[in-house]
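Data block below; observations after.
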Amino acid sequence: MPVEQTLHEYEGASADAELRRRLVYGDESALTEAYAAYGGLVRAVAVRVTHSPAAAEDVAQEVFAQLWSRPYGFDARRGSLRTWLSVLAHRRAVDWVRSEARHRKAAHADDSALQAIPDAGPGPDEAVVDRERSLLLHTALAELPRTQREVVHLAYFAGRTYRQAAVELGIPEGTAKTRLRSALRKLAESLAEPPDPAWERGA
Amino acid sequence: MTTDHDGVRELLGAWAFGALPPQEEKAVPLHLGECESCAAEAERLRETARLLGGPRGTAMINGSAERGGPSPGEPEGLLALALRSRPAASRVAPHAAPYAAAVAGLQALLRELAESEPSWATPVVHDWDVHATVGHLIAADEPLARGLGLDRREPVTPAAEDTPWDVAWNARTADVIAYERQRTPEETVAAWAAQAGALLATPEALDPERAAHALTLMGIRLPVADHFLVRAFETWIHTDDIGRALGLAVPPPPGPHLWQLVRLAVHILGMALGTTAPPVLFTVAGEEGDERDDTQWVLGSEDEPVRAELVLEAVDFCLLVGGRYAPDEVPRGTSGDEAAVRNVLERAAALSWL
């Protein structure tokens with residue numbers, strides 16, 4: 001992996017490292033602080049993917065349980081805690097939707113994939129199709145290269161401008177801009193492709 | 001301001017995500033009005049971003065999720081459930097808190113190993129792998145456990161009454177490691193954690209007054225409170241050893257704990273140097289960003305003028321005393337009589353009571 005030039009020291013880096021230090025040494029108050037700072041982001045990411053506040057609650061609990069029980073999983077030298085939690089919440093949320101789809105499939109073996117999307121109550125066909133396409137997109141987002149995925153999380157889920165995201169990731173602004181565009185183009189292409197057969201089987 | 005074709009095209013990803021700074025936002029619509037290919041690309045990317053935000057406009061497209069702060073729900077309940085996934089550091093008196101934290105820190109690190117079996121055999125220090133290093137800690141915690149009246153544990157090492165403590169200790173640690181090697185790493189970790197937990201549950205860990213009396217352990221006579229600090233020191237140093245071996249960065253103990261260790265190490269170093277060594281003004285520098293001022297001591301003779309100055313960072317000083325730096329390798333600032341400085345560094349490294 002190429003070493004990225006660090007243009008600016010991300011101002012939260014030392015705060016993240018200090019939080020990790022306290023988490024490692026079993027200080028519960030560090031988890032409370034992490035939740036106060038990022039609980040909203042984690043839930044919001046999960047809701048966008050699952051469209052279910054209850055599922056988002058479960059995802060948030062899993063995410064903060066993982067931060068607490070496996071503090072070494074977060075390495076402050078490799079990125080911000082904000083990005084790490086956002087990516088983790090997203091991955092867990094996508095897993096939740098897939099598993100939900102699998103259960104519904106098992107229950108209604110001949111239902112189409114469209115109806116496998118959770119909470120697909122009666123509604124216009126367009127909304128149902130949107131739900132499926134949203135899931136396809138989130139699956140594709142979870143599989144983007146790490147460098148692209150992180151800048152999408154900051155710019156999109158965490159509401160940063162591409163310039164702020166560049167500072168937080170320690171990359172040039174032009175790189176952040178290019179990665180956002182490449183990521184979004186790749187996601188757009190994933191919509192054009194047929195669904196992943198492995199996913200269709202519920203793998 | 002960018003209004004050219006190439007410049008705007010580069011911005012389209014950030015634009016579709018709503019991630020443009022205000023001063024750049026105007027350039028995009030101006031250009032899209034006159035460029036069909038960019039308009040088509042923009043529409044495609046915007047629609048993709050819209051779908052990521054969820055259908056029916058239920059989720060925010062451009063807003064920051066964080067600005068609203070945590071949504072209602074029950075943070076206490078959620079955190080209580082999350083906290084069940086790992087015990088917090090034991091709540092004990094301040095003199096035992098660094099040990100409680102160090103135990104929690106090693107447990108957290110060892111959880112990383114449980115996920116990947118072969119790493120238990122990763123070489124760490126001396127001729128120990130991870131498994132044997134945890135075995136060593138069982139032996140190293142034992143004298144304090146025995147001193148506080150906790151039960152003797154397997155295996156039994158016979159020792160003559162007049163055996164010097166270091167000979168007896170070497171025999172004991174070898175016996176314990178050999179015994180633990182017959183068991184699974186999980187059993188060894190459980191045995192270490194159980195003994196550590198028992199130490200942290202003693203009245204001496206909970207009540208400073210009960211920890212004020214002195215005990216001679218491993219050849220050094222200290223108040224029980226300081227023996228708890230020594231346990232914290234050694235547990236952290238070996239956790240750091242294991243982390244280095246595994247490529248995982250082990251943070252130094254939290255600031256207040258680190259300084260408790262520093263003060264104890266300076267005290268022991270001062271005793272080792274005695275009152276006739278050439279005096280050195282010794283400064284331990286606080287960590288970057290730490291509000292605590294640097295702390296100074298005069299080591300050696302109090303009857304002569306200071307011959308030299310030595311500055312070490314807190315973590316480096318601990319690693320030197322812990323035997324993890326050679327005297328000539330530790331990063332330092334010095335001035336004055338080099339021989340006097342060397343004397344301090346060599347005495348500190350020779351302490352290596354870990």
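We did not get these values from a lab; they are worked out from the coordinates using the rules stated. As the structure is a computational prediction, the values presented were derived from the model and not from experiment. Because the Cβ atoms are built from the backbone with ideal geometry, glycine has one as well, and the counts that use them run over all protein chains shown.
The table for this structure:
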| read-out | value |
| --- | --- |
| Chain B: most fluctuating residue of B:199, B:150, B:78 per GNM, C-alpha cutoff 10 Å | B:78 |
| Neighbourhood charge, 12 Å Cβ-Cβ cut-off, centred on residue B:336 and excluding it, Lys, Arg +1 and Asp, Glu -1 | -1 |
| Environment charge at residue B:187 (Cβ cut-off 14 Å; Lys +1, Arg +1, Asp -1, Glu -1) | 0 |
| Candidates B:238, B:213, B:131: whichever shows maximal mean-square fluctuation once chain B is modelled as a Gaussian network with Cα springs under 10 Å | B:213 |
| Per-pair calculated FRET efficiency, R0 = 41 Å: residue A:75 and residue B:171 via Cβ, rounded to 0.05 | 0.55 |
| Tensor-based shape of the stretch B:97-250 (alpha-carbon gyration tensor, a/c under 1.5 rounded, otherwise prolate or oblate) | oblate |
| Which of B:271, B:218 has the fewest Cβ neighbours within 10 Å, and the rest in rising order | B:271, B:218 |
| Three-way shape label, the stretch B:5-55, alpha-carbon gyration tensor, a/c 1.5 | oblate |
| Among B:11, B:320, B:144, residue whose mean-square fluctuation peaks in a GNM of chain B (springs only between Cα atoms under 10 Å) | B:11 |
| Environment charge of residue A:77, counting only residues whose C-beta is closer than 11 Å and scoring Lys/Arg +1, Asp/Glu -1 | 0 |
| Simple label model, 7 Å out from Cα along Cβ direction - residue A:142 to residue B:182, nm | 4.7 nm |
| Near-label residues of the stretch A:39-59 by backbone N, under 15 Å of a point 7 Å along Cα→Cβ of residue B:76 | none |
| Computed label-point distance, nm, for sites residue B:6 and residue B:156 using a 7 Å Cα→Cβ extension | 8.5 nm |
| Potential extension, residue B:201-residue B:221 segment - 0.36 nm per residue separation minus Cα distance | 5.0 nm |
| Rough spin-label spacing in nm, given labels placed 7 Å along Cα→Cβ, for residue B:43 and residue A:186 | 2.6 nm |
